[in-house]
Amino acid sequence: MNAKKVLSLKSVSKNFGSKQVLNGVNLDVYEGQIIGYIGPNGAGKSTTVKLMLGLIDDYSGHIEVFGENIINGDDFYKKRIGYVPETAELYENLTAFEYLSFTGEIYGLSSKEAEERAFGLMKEFGLGGVFHQRISSYSKGMKQKVLIIASLLHDPDLLFFDEPLSGLDANSVIVIKEILAKLAEQGKTIFYSSHIMEVVEKISNRIVLLVDGQVVADGTFEELRRQNQEGSLEDIFNQLTGFTEHEEIANRFVNLVHGGSGNE
Amino acid sequence: MNDFASLRVLDRFKSVFNKLNIDYDVMRKILQLKLTMDSRRMPAIFSGSNIKKEGNQFLKSLWMYGLFGILFLVPFLFLGNEFLFSLTIMFSSLFIILMTSMVSDFSAVLLDIRDKNILHPKPISGKTLNAAKITHIIIYMVLLTGSFVITPLIVSVFKFGIIFTLLFLIEIILISSLAIVLTAFVYLFILRFFSGEMLKDVINYVQIFLAIGMAISYQLVGRVFQIVNIDITYTFAWWHMLLPPFWFAAPFELILNKDFSIHIIILSLLAVLAPILAIAIYIHLMPTFERNLSKLQSDTNRTKKRRRILQGIWARILCRTKEERTFYKFASLMLKEERELKLKIFPLLGFAIIFPFIFLFNTLSTGSFEEVKTGNSFMVIYFSLIMIPAVVQMLEYSGNYKGQWIFYAAPIKNKSIVYSATLKASIMNYFIPILTMLSVIFLWIFSFRIFLDLVVVLLAAIVLTLISYGIFNKGKFPFVSSHEHTQTNSFFKVFGGMFAVGIMAAVHAMILNNPFGLPVYAVLLIISIFIGWKLMFSKR
């Protein structure tokens, strides 16, 4: 691969108190890749993203973004990053216009640019009519769209999308998928984490699986399938996370619903 | 979940509910759930304080209403036997307090849209659901009104006898129902013609008003008793027909003073008929109300961009970098639009306006107006500066504190400018408008000679903002903490703030008699503001 290295993690570990969240993660990401970053709940996906963004610090190991160690550089590298956080939290008492021009401006746009671009993007998502309404009156999907727009306003080179599709309807999901593919074509790098395996399988050109703070699989979907002889990403996921008792759990669950004891 | 005393009382009426075809056991469960949720909500009457959210705050706030009853109802019982005068004042006071507390604390009950999503899909009959909602409101009302009127009721037995008290009791029930229905009508009106966001704003302002009223009431206690001795005779005018307090005062005149004049009879009839009619209309409009409730989460009436030109101009003048200007605009919006923040800060601003006048009136009562005019009592304006440390401390909080990730994810070159911009925004949006308002009134009272003094006060306010920030705000960014985790070390902070204000006032007082003192002091303050600001917000 001749492409430029955008992200580099070398034996990154992080613990919250006595709890080890990341346990020696090694990862190199190159320009134009769409990385599907998957793993069970609590595997450390969001933590990885937050570390790279500098939202949390105090880790061991080495993190480079755009070829610079984030610990000694200033925060300037963040200017080229777009981030959609896992939880749709924003200052909801503001209108979309106010919030988006604020975020656009802190990423260096002029207020006019920010407003025009934000309005254009909102309109494309069918939200032009609510541009000047408070975000608190939005539905979950609308808030998610605002977050996605906020992350793209400043035309970033690297995108961190943490569960970007939550709350979106099927049509919007198709649009977002298409947008991600187009952005990657233009050389943008997308670091994408999700629990919806079908989507990850379709849009990622590289899949990284994290279990208990360690990378246990890394490669294209085809590579993973060859290694594991399983059909879908869901099956591969189940196999690699060592989860095989879904049927027993389901049986016990249904029994309990029926008023049984849970044991067969 | 607790077993509430109110529910145990309700159990005695079980057979009544069952006879009305209401599933009492289900209704009781709903009520138990609702009362449990209520106990975790903070009543607005306490909103200015730092009480932790534990136990039933509503029940704990009831003693406040009891105190209100003594302060605002009992004195009017001693205004003599001219009931149409004395009781009209009393019922006005009763009505205002009932309505405001209804809007501020009850809105959560009246406007609960979660019912629709959570309870309606369950197999519960509509009748039972409505009964639960109405009973819930009644429990609240009985507790609130009960603790409010208990003392006046007891006093009235001794003052006017048992007939008066019985009449009083019946009327209170009528008034409470009228108050509930009127509140609902106000909501209905706003929801019908405006948006849910507008209604939330209205509720927010009523809560703020209540919190301010609460604090002033302490100051007014003495003065309320002073008017008790005034002797006024009542004369009827047609527009009295439009004012509910008159209606409710009339029956006393009719029955106890045996006044059978036509206007008394009409007023008395209104007292009985109006609440009944209102309830009838309310029941009739209930479905419309429920339907409009779904608009609560809408903001439909704002489709146009709000021009904030002035804000942009100030941002350009006050902030040197583009980054700081962005945060200045952001902070100004937060200070204007964040309801939880306003609920905490606006009462403080209210006190800031009122306190100087309370102290000014105290000086007035000892000396003549002419003496005050030429004296130095304009120095009481320093009392309004006491709010500054508290407000600066509040800037850390926001109801949307979870949105803070943006501060960390964004490429902010100089992180300290976020606070610098926020302080500038609070000076421009809060402190300067209030001080300007006070200054205009003070200039009118004390003449133009105190102009330079007022400028010094303004500069002192800015210095104080800076000092307060230096002492209290340890956090990196504003609007990032939850209100629920407010630390209760307010005593130290209030004391520290008063101490700082005291020093400022003392310095000012010392140089009052020196002709060159004031200009020199003003220049010194300006220089220290510039240097202080630079030092405080230099790149960290």
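Of B:I462, B:I471, B:I467, which residue is farther than 30 Å from A:L51 by Cβ, away from chain A (no Cβ under 14 Å) and surrounded by fewer than 18 Cβ atoms within 10 Å (Cβ to Cβ)?
After ruling out the rest, the residue left standing is B:I471.
For segment A:181-264, give me every one of the strands (runs of 3 or more DSSP E) that falls completely inside it and has 3 or more residues that are in contact with a Phe, Trp or Tyr (Cβ under 8 Å, 6 or more places away or on another chain) and open to solvent by 80 Å² or more (accessible area, probe 1.4 Å).
Ranges flagged: none.
Looking only at segment B:525-540, count every residue that is touching a helix residue (DSSP H, G or I) at 6+ places or on another chain (Cβ under 9 Å) and at pLDDT 90 or above and tell me the total.
6
Only residues that are within 15 Å of A:E89 (Cβ to Cβ) and either open to solvent by 10 Å² or more (accessible area, probe 1.4 Å) or in contact with a Cys (Cβ under 8 Å, 6 or more places away or on another chain) (or both): list them for segment B:377-422, please.
Hits for segment B:377-422 are B:G399, B:N400, B:Y401, B:K402, B:Q404, B:W405, B:Y408.
Report whether or not A:L27 is surrounded by 22 or more Cβ atoms within 10 Å (Cβ to Cβ) and not in a loop (DSSP other than H, G, I, E, B).
no
Scanning segment A:42-60 for residues that are more than 14 Å from every other protein chain (Cβ to nearest Cβ) and touching a Leu at 6+ places or on another chain (Cβ under 7 Å), which turns out farthest from A:L183 (Cα to Cα)?
A:Y59
If I filter segment B:84-97 for residues that are modelled with pLDDT under 75 and either surrounded by fewer than 19 Cβ atoms within 10 Å (Cβ to Cβ) or farther than 21 Å from B:F164 by Cβ (or both), do I get at least one hit?
No, segment B:84-97 has no match at all.
Of the numbered conditions (1) assigned to a loop (DSSP other than H, G, I, E, B); (2) of a type in the set (S, T, N, Q); (3) open to solvent by less than 50 Å² (accessible area, probe 1.4 Å), A:S172 fails exactly one; give the number of that condition.
(1)
So how many residues does segment A:37-80 have that are under 14 Å from A:L158 (Cα atoms) and in contact (Cβ under 8 Å) with a residue 24 or more places away in the chain?
Looking only at that region, the number is 10.
Would segment B:444-454 turn up any residue that is under 24 Å from A:E89 (Cα atoms) and of a type in the set (S, T, N, Q)?
No, segment B:444-454 has no match at all.
Going through A:S46, A:S60, A:S13 one at a time, which residue ends up being modelled with pLDDT of 85 or more, open to solvent by 40 Å² or more (accessible area, probe 1.4 Å) and over 24 Å from B:T326 (Cα atoms)?
The unique qualifying residue is A:S60.
Going through segment A:194-251 one residue at a time, which ones are free of Cβ contacts under 8 Å to residues at least 24 places away in the same chain and aromatic (F, W, Y)?
If the condition is that a residue be free of Cβ contacts under 8 Å to residues at least 24 places away in the same chain and aromatic (F, W, Y), then A:F221 is the only one that fits.
Looking at segment A:130-146, is at least one residue surrounded by fewer than 18 Cβ atoms within 10 Å (Cβ to Cβ) and at the interface with chain B (Cβ under 9 Å from one of its Cβ atoms)?
yes
Can you name the number of the only condition in (1) modelled with pLDDT of 85 or more; (2) out of contact with any Lys or Arg (no Cβ under 8 Å at 6 or more places or on another chain); (3) open to solvent by less than 70 Å² (accessible area, probe 1.4 Å) that B:L364 fails?
Evaluating B:L364 over (1) modelled with pLDDT of 85 or more; (2) out of contact with any Lys or Arg (no Cβ under 8 Å at 6 or more places or on another chain); (3) open to solvent by less than 70 Å² (accessible area, probe 1.4 Å) leaves (1) as the failure.
Please state which of the following conditions B:M428 fails to meet, knowing it meets all the rest: (1) in contact with a Leu (Cβ under 8 Å, 6 or more places away or on another chain); (2) modelled with pLDDT under 85.
It is condition (2) that B:M428 fails.
Any idea which of A:A114, A:A150, A:A118 is surrounded by 22 or more Cβ atoms within 10 Å (Cβ to Cβ), under 17 Å from A:P85 (Cα atoms) and in contact (Cβ under 8 Å) with a residue 24 or more places away in the chain?
Sole residue among the options that is surrounded by 22 or more Cβ atoms within 10 Å (Cβ to Cβ), under 17 Å from A:P85 (Cα atoms) and in contact (Cβ under 8 Å) with a residue 24 or more places away in the chain: A:A150.
Could you check A:E92 against (1) under 22 Å from A:F191 (Cβ atoms); (2) at the interface with chain B (Cβ under 8 Å from one of its Cβ atoms); (3) open to solvent by 30 Å² or more (accessible area, probe 1.4 Å); (4) of a type in the set (D, E, K, R) and say which number it fails?
Going through the list (1) under 22 Å from A:F191 (Cβ atoms); (2) at the interface with chain B (Cβ under 8 Å from one of its Cβ atoms); (3) open to solvent by 30 Å² or more (accessible area, probe 1.4 Å); (4) of a type in the set (D, E, K, R), A:E92 breaks only (1).
Suppose we keep only residues that are open to solvent by 10 Å² or more (accessible area, probe 1.4 Å) and facing chain B (nearest Cβ under 8 Å) within segment A:69-79. Which one would you say is farthest from A:F161 (Cα to Cα)?
If we take residues in segment A:69-79 being open to solvent by 10 Å² or more (accessible area, probe 1.4 Å) and facing chain B (nearest Cβ under 8 Å), then A:D74 is farthest from A:F161 (Cα to Cα).
Modelled with pLDDT of 90 or more and under 18 Å from A:M142 (Cα atoms): which single residue out of A:L90, A:L100, A:L94 fits that description?
Exactly one residue qualifies, and that residue is A:L100.
May I ask you to list the residues in segment B:243-273 that are farther than 23 Å from B:L73 by Cα and in a helix (DSSP H, G or I)?
B:I262, B:H263, B:I265, B:I266, B:L269, B:L273
Of all residues in segment B:435-458, which are more than 23 Å from B:I511 (Cα to Cα) and buried (at least 20 other Cβ atoms within 10 Å of the Cβ)?
none
Which residue is modelled with the lowest pLDDT, if the candidates are limited to segment A:141-169 and must be over 19 Å from A:V130 (Cα atoms) and part of a loop (DSSP other than H, G, I, E, B)?
A:S166
Of A:G104, A:G82, A:G39, A:G32, which residue is away from chain B (no Cβ under 12 Å), surrounded by 20 or more Cβ atoms within 10 Å (Cβ to Cβ) and touching a helix residue (DSSP H, G or I) at 6+ places or on another chain (Cβ under 9 Å)?
None of the others qualify; the one that does is A:G39.
The values are calculated or read from the model by the stated rules, or taken from the named source; none is laboratory data. Bear in mind the structure is a predicted one, so any value in this text is a computation, not a measurement. So basically every Cβ, Gly included, is an ideal-geometry build from the backbone, and we count neighbours across all protein chains shown. Side chains are part of the model used for accessible areas, which takes the heavy atoms of the whole protein and leaves out ligands, DNA and RNA. Shrake-Rupley method; radii C 1.70, N 1.55, O 1.52, S 1.80 Å.
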